Amino acid sequence: MTTTGATKKVLVLFSGGQDSTTCLALALDRYDEVETIGFDYKQRHAVELGQREILRQALTRDFPAWRGRLGFDHLVRIEALAEMSQSAMTHDIEITLNEQGLPNTFVPGRNLLFLTFAAALAYRRGLTYIVAGMCETDYSGYPDCRDDAIKAMQIALNLGMEARFVMETPLMRLDKAATWRLAETLGGQKLVELIVEATHTCYLGDRRVRHDWGYGCGACPACELRAKGWREFKASPSA
C-alpha cells in the first residue's frame, strides 16, 4: 500500500473474521481515513456480524496510534445471495466437495457482489482505495478469491463507474501463518490476542469452544485453516 501524497481514504471489506480484521488493522496503520463495510447475506456464521463492532471499538480503544482514523461503518443486506445459492455457507447442509472439486461452502458471485457494492459505496463516499482480505495462497479454492478475479473486477468497476478505484488485497500472497505474523507486526501480542478472542471464522457459527487459536467447531475448513496457520505461526522462530 502506498501512502505518499494527499490524504488517503479507504474502504475496508470487514466481516469480523481473522483476515478482514488484519486488513483493517493494516489500513488503520497506513491510511488517514478508514471506513468499513460488511454484508449480511444470511450466512450460517452470522455471529461474525456481531463481532464487528466489538472489534472496531477495541481497535480504536486499545491502539492509540489508530484513534481518529476509523470512520463510518456500513452494513449491506443482500439476502438474495443466500436465496439463489445452495451453499453450505448459507444453508444447513453438510460441508462436502461439489462436482467441480470445490467445497460446497463456495457461494457463487459472493466476492464479486461484495466488491461491486463496496465500489458503489466508495463512489458515493469519495473513497479511492478498497481493501479486501481475499487470498489465493492458503484458502479453500474459491475462484473469486484469485488475484486475476480481483484485477478483472477492478478494471470492470473502473470502466463501469468511470472511476479510478484501487483494489488492495494485502493477504493475497500470504498463508495463514504469515497473516498471524502480520498481525503481530502491526499490533504486537495485543492485536494477536484480540484476533484470537474476538474474531470469528468458523463456517458453522460455533462459538461454544475456545481453542488456542480462537472460537469455532474445530472441524470445518475455515477452522482447520486457521488452526493450521496458528500452529505454524507459533512454531516459527519469530513467534
Residue within the stretch 105-126 that is touching a strand residue (DSSP E or B) at 6+ places or on another chain (Cβ under 6 Å) and not in a helix (DSSP H, G or I) present: no
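Just to be sure before I move on: is ARG207 out of contact with any Pro (no Cβ under 6 Å at 6 or more places or on another chain), among the basic types (Lys, Arg), part of a loop (DSSP other than H, G, I, E, B) and surrounded by fewer than 21 Cβ atoms within 10 Å (Cβ to Cβ) in the structure I sent?
When the stated conditions are applied, ARG207 passes them.
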LEU225 being under 17 Å from the mean Cα position of the chain (by Cα) and either closer than 21 Å to ALA25 by Cβ or in contact (Cβ under 8 Å) with a residue 24 or more places away in the chain (or both): yes
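Of all residues in the stretch 24-43, how many are of a type outside the set (A, V, I, L, M), farther than 16 Å from ASN111 by Cα and outside any loop (DSSP other than H, G, I, E, B)?
4
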Qualifying positions in the stretch 4-28 - at pLDDT below 95 and either buried (at least 24 other Cβ atoms within 10 Å of the Cβ) or more than 16 Å from LEU70 (Cβ to Cβ) (or both): THR4, GLY5, ALA6
Subset tally (residues that are assigned to a loop (DSSP other than H, G, I, E, B) and either modelled with pLDDT under 95 or crowded, with 18+ Cβ neighbours inside 10 Å (or both)) for the stretch 173-204: 8
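State all residues of the stretch 213-239 that are assigned to a loop (DSSP other than H, G, I, E, B) and farther than 20 Å from ILE54 by Cβ; if no residue qualifies, say none.
In the first step, residues of the stretch 213-239 are kept if they are assigned to a loop (DSSP other than H, G, I, E, B); the result is 213, 216-220, 236-239.
Residues satisfying the conditions are CYS217, GLY218, ALA219, CYS220, SER236, PRO237, SER238, ALA239.
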Verdict on VAL209 being closer than 20 Å to SER15 by Cβ and without any contact (Cβ under 8 Å) to a residue 60 or more places away in the chain: no
Index of the failed condition, ASP92 passing every other in (1) surrounded by 19 or more Cβ atoms within 10 Å (Cβ to Cβ); (2) part of a loop (DSSP other than H, G, I, E, B): (1)
Residue in the stretch 186-204 that is closer than 20 Å to PHE39 by Cβ and basic (Lys, Arg) present: no
Close pairs (7 angstrom Cβ cut-off, 6 or more residues apart or separate chains): without any contact (Cβ under 8 Å) to a residue 60 or more places away in the chain in the stretch 57-68, β-branched (Val, Ile, Thr) anywhere: TRP66/THR60; ARG67/THR60
Test: residue in the stretch 129-138 that is more than 14 Å from PRO170 (Cα to Cα), assigned to a loop (DSSP other than H, G, I, E, B) and of a type in the set (S, T, N, Q): no
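The values are calculated or read from the model by the stated rules, or taken from the named source; none is laboratory data. This is a predicted model, so every value here is computed, not measured. Ideal geometry is used to build each Cβ from the backbone, glycine not excepted, and the neighbour counts take in all protein chains shown.
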